[in-house]
Amino acid sequence: MNHGLLFILSGPSGSGKSTITHAVLDSMPGLVFSVSHTTRTPRPGEKDGVDYHFIDRAAFLALRDRQPGGFLEWAEVHGQLYGTSVAEVQGKLRQGLDILLDIDVQGARQVLARHPEAISIFICPPSAQALAERLQRRATESPESMALRLNNARQELEHAADYRYLIVNAELESAITAFKSIIIAERLQQRRAADGTPLSQSW
């Protein structure tokens, strides 16, 4: 059995990242989502173990400080802690499953430092104006929150060149197709590397 592939996905809020992720996960067998741990409280409709593993701060810090490390990456965002479990990721990779991490640029740097073979993908909107319009359509952002998200997006976009792939989400279906194509190409490359037999010898 082949070892699974590790995919890292990043992108600013409003880039369409979550919508693209759900579409790809629903249509790509063998690709699973890494459920992060967080200290924040569940939002309406969120389920423990599905959207996040919801734990308190003391439990999070105990897991973070576990040796060997309990988290592949972790960060504090707006006073809440988020982290990706080493055990969960390694267990699924050993099963031959490809795993998708939806993490910010800070988390991506941490993961790539430990797993430089990970496949990193950055999703961005076609323009700052398009991003602002998408956030406005949510009708959940205050002017202050909108300004903060746009500023954060500009900072994240400065790191887009650090990723192996860049998807500009100007049209949703095209972005989904691009994401699927990356996964298929990386799986084919892994298969060829794992086989190692020249094609001429198999004819």
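The values are calculated or read from the model by the stated rules, or taken from the named source; none is laboratory data. Worth saying up front: this structure is predicted, and the values here are computed from it rather than measured. For neighbour counting, all protein chains shown are included, and Cβ atoms are generated from backbone atoms with ideal geometry for every residue, glycine included.
For the criterion of being modelled with pLDDT of 80 or more, assigned to a helix (DSSP H, G or I) and either under 20 Å from residue 102 (Cβ atoms) or not acidic (Asp, Glu) (or both), residue 161 passes. Collect the residues in the stretch 72-90 that are more than 15 Å from the chain's Cα centre (by Cα) and part of a strand (DSSP E or B), keeping them in residue-number order. Those that are more than 15 Å from the chain's Cα centre (by Cα) and part of a strand (DSSP E or B): 76, 77, 80, 81.
Of the residues making up the stretch 30-68, those that are surrounded by 15 or more Cβ atoms within 10 Å (Cβ to Cβ) and among the small types (Gly, Ala, Ser) number 2.
The set of residues in the stretch 6-32 that are in contact (Cβ under 8 Å) with a residue 60 or more places away in the chain, of a type outside the set (Gly, Ala, Ser) and outside any helix (DSSP H, G or I) comprises 6, 7, 8, 9, 12, 28, 31, 32. Residues in the stretch 11-29 that are in contact with a helix residue (DSSP H, G or I) (Cβ under 8 Å, 6 or more places away or on another chain), under 16 Å from residue 181 (Cα atoms) and surrounded by fewer than 16 Cβ atoms within 10 Å (Cβ to Cβ): 27 only. In the stretch 119-137, the residues that are surrounded by 13 or more Cβ atoms within 10 Å (Cβ to Cβ) reach residues that are polar (S, T, N, Q) and assigned to a strand (DSSP E or B) with C-beta atoms within less than 7 angstrom, at least six apart or across chains, in these pairs: 122/10. Can you name every residue in the stretch 33-59 that is touching a residue at least 12 places away in the same chain (Cβ under 8 Å) and assigned to a helix (DSSP H, G or I)? Matches in the stretch 33-59: 57 only. Hey, among the residues in the stretch 97-114 that are over 20 Å from residue 179 (Cα atoms) and more than 14 Å from the chain's Cα centre (by Cα), which one's modelled with the lowest pLDDT? Going through the qualifying residues, I end up with 114. For the stretch 62-84, the tally of residues that are free of Cβ contacts under 8 Å to residues at least 12 places away in the same chain and either of a type in the set (A, V, I, L, M) or in contact with a Pro (Cβ under 6 Å, 6 or more places away or on another chain) (or both) stands at 1.
If you take the residues of the stretch 39-85 that are among the β-branched types (Val, Ile, Thr) and farther than 19 Å from residue 21 by Cβ, which of them is modelled with the lowest pLDDT?
Kept after step one, since they are among the β-branched types (Val, Ile, Thr), are these residues of the stretch 39-85: 39, 41, 50, 55, 77, 84.
Then drop every residue that is not farther than 19 Å from residue 21 by Cβ, which leaves 39, 41, 55.
Working: 39: 96, 41: 91, 55: 97.
Taking the candidates together, the pick is 41.
Can you pull out the residues in the stretch 91-103 that are in contact (Cβ under 8 Å) with a residue 12 or more places away in the chain and either in contact with a Phe, Trp or Tyr (Cβ under 6 Å, 6 or more places away or on another chain) or not in a strand (DSSP E or B) (or both)?
Step one: list which residues in the stretch 91-103 are in contact (Cβ under 8 Å) with a residue 12 or more places away in the chain, which gives 92-103.
Residues satisfying the conditions are 92, 93, 94, 95, 96, 97, 100, 103.
Kindly check whether there is at least one residue in the stretch 145-154 that is farther than 30 Å from residue 3 by Cβ, at pLDDT 75 or above and part of a loop (DSSP other than H, G, I, E, B). Looking through the stretch 145-154, none of the residues is farther than 30 Å from residue 3 by Cβ, at pLDDT 75 or above and part of a loop (DSSP other than H, G, I, E, B).
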